[in-house]
Amino acid sequence: MKDQSFDRAKDNVSHANLRSRRRFLAATTAMAATVAGGLTDLWGDEGREPGSPLRPYGERSPFEKTVRKNSRPGQLSGTGSTLTPLESLYGIITPSALHFERHHSGVPMIDPDKHELLIHGLVEKPIVFKMEEIKRLPSVSRIHFLECSGSSASEYQGDPAPTPQQTAGLMSCSEWSGVPLSTLLKETGVKPTAKWVLAEGGDASRNARSIPLEKAMDDVLVAYGQNGEAVRPEQGYPIRLIVPGWEGNINVKWLQRLHVLDQPAMTRDEAADYDDLLANGKSYRFSFVMEAKSIVTRPAGGQRLAGPGAYEITGLAWSGRARVAAVEISTDGGKNWRKAELQQPVLKNAAVRFRLPWNWDGNDAVIGSRCIDESGYVQPTHEQIVAARGTHARFHYNGIKWWRLQKSGELTYA
Ligand code: MTE
């Protein structure tokens with residue numbers, strides 16, 4: 001019988017991609033042949049001595065130096081944000097130690113044995129859950145990206161950031177484990193008049209956001225696991241909300257209270273902040289969804305290519321509105337576009353790794369990517385965003401990011 005799924009997969013790989021892959025393979029074979037001559041030197045006595053002892057908790061190699069960077073150094077200690085070094089990542093998962101951070105008043109140190117989650121308001125039976133009770137409930141694990149809506153904010157004002165980390169490092173992607181929020185709400189019994197759920201964090205800022213009940217009952221997680229171990233203190237230990245595809249701020253960390261309401265609470269975080277100020281002085285309010293976005297992470301600003309030849313263009317794409325359908329790459333500033341290959345599986349509300357083999361001819365190039373999701377939404381250009389929203393906005397910037405490659409091999413922002 002004809003294998004339909006194979007046919008579909010084949011269709012995704014364009015002939016242009018196949019041709020460039022063949023050229024890429026030819027070039028790398030030539031590189032391998034030159035290296036082979038020196039191979040024997042690698043088999044000396046090095047590495048025959050016993051290595052370091054075993055250790056109870058793993059560390060990366062001391063040769064690996066990449067770190068989160070403070071986005072606004074000099075701020076009050078504990079408050080502010082650090083950025084994920086997107087250019088150093090492989091695949092789609094952000095190692096927990098490199099997950100971006102955004103705290104309004106530092107990281108509280110919470111003892112899980114003492115931590116409680118209160119659900120009250122328009123419910124049949126208010127309940128205080130202890131951590132051990134939450135962990136006894138049926139759990140799920142899902143891969144989701146998290147992006148602060150302030151990510152790439154400086155690009156609005158035409159102040160382009162010079163590296164992937166500096167422009168889009170307020171985005172990370174993890175496997176989150178926990179209990180669906182709907183399970184907890186069903187335990188308490190939600191009254192028919194309920195329409196919103198206010199979630200409040202247990203840090204000094206008491207970051208609090210209202211979530212429409214429909215979303216709360218749909219795919220929101222009360223997460224205690226991150227990439228296979230407990231959520232890190234910086235990410236909300238012992239529990240946080242994961243609100244798939246929605247702006248970072250609503251993903252309340254150190255979750256301690258859920259108040260079921262018939263209207264949004266209009267907290268400071270949603271009434272005085274996290275709205276999109278337009279050119280006419282009005283604002284979009286409750287613009288929760290993080291729209292389709294992508295970024296080429298290699299070759300990208302801050303890097304240097306050794307010389308003309310075979311390279312892989314790679315990066316990350318994501319969309320909070322619908323699954324990523326395609327990513328297109330241009331190396332001539334948007335005149336021509338080619339479809340990148342998407343690493344499977346492509347998951348809803350997760351980052352997607354894209355790749356395209358490329359042969360650099362040594363001339364100037366302007367490299368960028370655009371994400372298209374299954375709703376048909378196409379990642380806009382900077383000019384399109386500014387035309388729609390002006391330059392006063394601070395949130396939800398998702399314009400195409402260009403990198404300029406000069407003949408010297410140097411890459412800067414375009
Ligand atoms: N929750 C609490 N309680 N306190 C906070 O400061 N910051 C919010 C959100 N949840 C915050 C919070 C913001 S603005 C963002 S972008 C995300 O958490 C960042 O999550 P992360 O630090 O795990 O990356």
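The values are calculated or read from the model by the stated rules, or taken from the named source; none is laboratory data. As the structure is a prediction and not an experimental result, all values here were calculated from the model. Neighbour counts are summed over all protein chains in view; Cβ atoms, including those assigned to glycine, are modelled from backbone coordinates with ideal geometry. Just the protein is used for accessible areas: all its heavy atoms, side chains included, with ligands, DNA and RNA removed. Shrake-Rupley method; radii C 1.70, N 1.55, O 1.52, S 1.80 Å.
Would the range 132-144 turn up any residue that is closer than 23 Å to E175 by Cα, open to solvent by 40 Å² or more (accessible area, probe 1.4 Å) and small (G, A, S)?
yes
Looking only at the range 263-292, count how many residues are of a type in the set (V, I, T) and within 14 Å of the ligand (Cβ to nearest atom).
Within the range 263-292, residues that are of a type in the set (V, I, T) and within 14 Å of the ligand (Cβ to nearest atom) number 1.
I'd like to check something: does the range 227-235 contain any residue that is assigned to a helix (DSSP H, G or I), modelled with pLDDT of 95 or more, of a type outside the set (A, V, I, L, M) and open to solvent by 10 Å² or more (accessible area, probe 1.4 Å)?
Checking the range 227-235: at least one residue is assigned to a helix (DSSP H, G or I), modelled with pLDDT of 95 or more, of a type outside the set (A, V, I, L, M) and open to solvent by 10 Å² or more (accessible area, probe 1.4 Å).
Among the residues that make up the range 219-234, is at least one of them away from the ligand (no atom under 16 Å from the Cβ) and touching a helix residue (DSSP H, G or I) at 6+ places or on another chain (Cβ under 8 Å)?
Checked the range 219-234: no residue is away from the ligand (no atom under 16 Å from the Cβ) and touching a helix residue (DSSP H, G or I) at 6+ places or on another chain (Cβ under 8 Å).
Of all residues in the range 63-78, which are of a type in the set (A, V, I, L, M, F, W, C) and surrounded by 11 or more Cβ atoms within 10 Å (Cβ to Cβ)?
V67
Limited to the range 334-356, what total is found for residues that are open to solvent by less than 20 Å² (accessible area, probe 1.4 Å) and not charged (D, E, K, R)?
Number of matching residues: 8.
Inside the range 100-211, counting only helices (runs of 4 or more DSSP H) that do not spill past its ends, which hold 2 or more residues that are within 28 Å of N398 (Cβ to Cβ) and either among the basic types (K, R) or within 16 Å of the ligand (Cβ to nearest atom) (or both)?
Filter on the range 100-211 gives 164-168.
T79 passes all but one of (1) modelled with pLDDT under 95; (2) in contact with a Leu (Cβ under 7 Å, 6 or more places away or on another chain); (3) among the β-branched types (V, I, T); which number fails?
Every condition holds for T79 apart from (2).
Taking the criterion of being at pLDDT below 95, open to solvent by 70 Å² or more (accessible area, probe 1.4 Å) and touching a strand residue (DSSP E or B) at 6+ places or on another chain (Cβ under 6 Å), would at least one residue in the range 18-41 satisfy it?
yes
Take A393 and tell me if it is open to solvent by less than 10 Å² (accessible area, probe 1.4 Å), in a loop (DSSP other than H, G, I, E, B) and modelled with pLDDT under 95.
Against the criterion (open to solvent by less than 10 Å² (accessible area, probe 1.4 Å), in a loop (DSSP other than H, G, I, E, B) and modelled with pLDDT under 95), A393 qualifies.
Look at the range 357-390 and say how many of its residues are part of a loop (DSSP other than H, G, I, E, B) and either within 24 Å of the chain's Cα centre (by Cα) or free of Cβ contacts under 8 Å to residues at least 40 places away in the same chain (or both).
Number of matching residues: 7.
Only one residue in G121, G106, G51 is surrounded by fewer than 17 Cβ atoms within 10 Å (Cβ to Cβ) and in contact (Cβ under 8 Å) with a residue 24 or more places away in the chain, so which one is that?
G106
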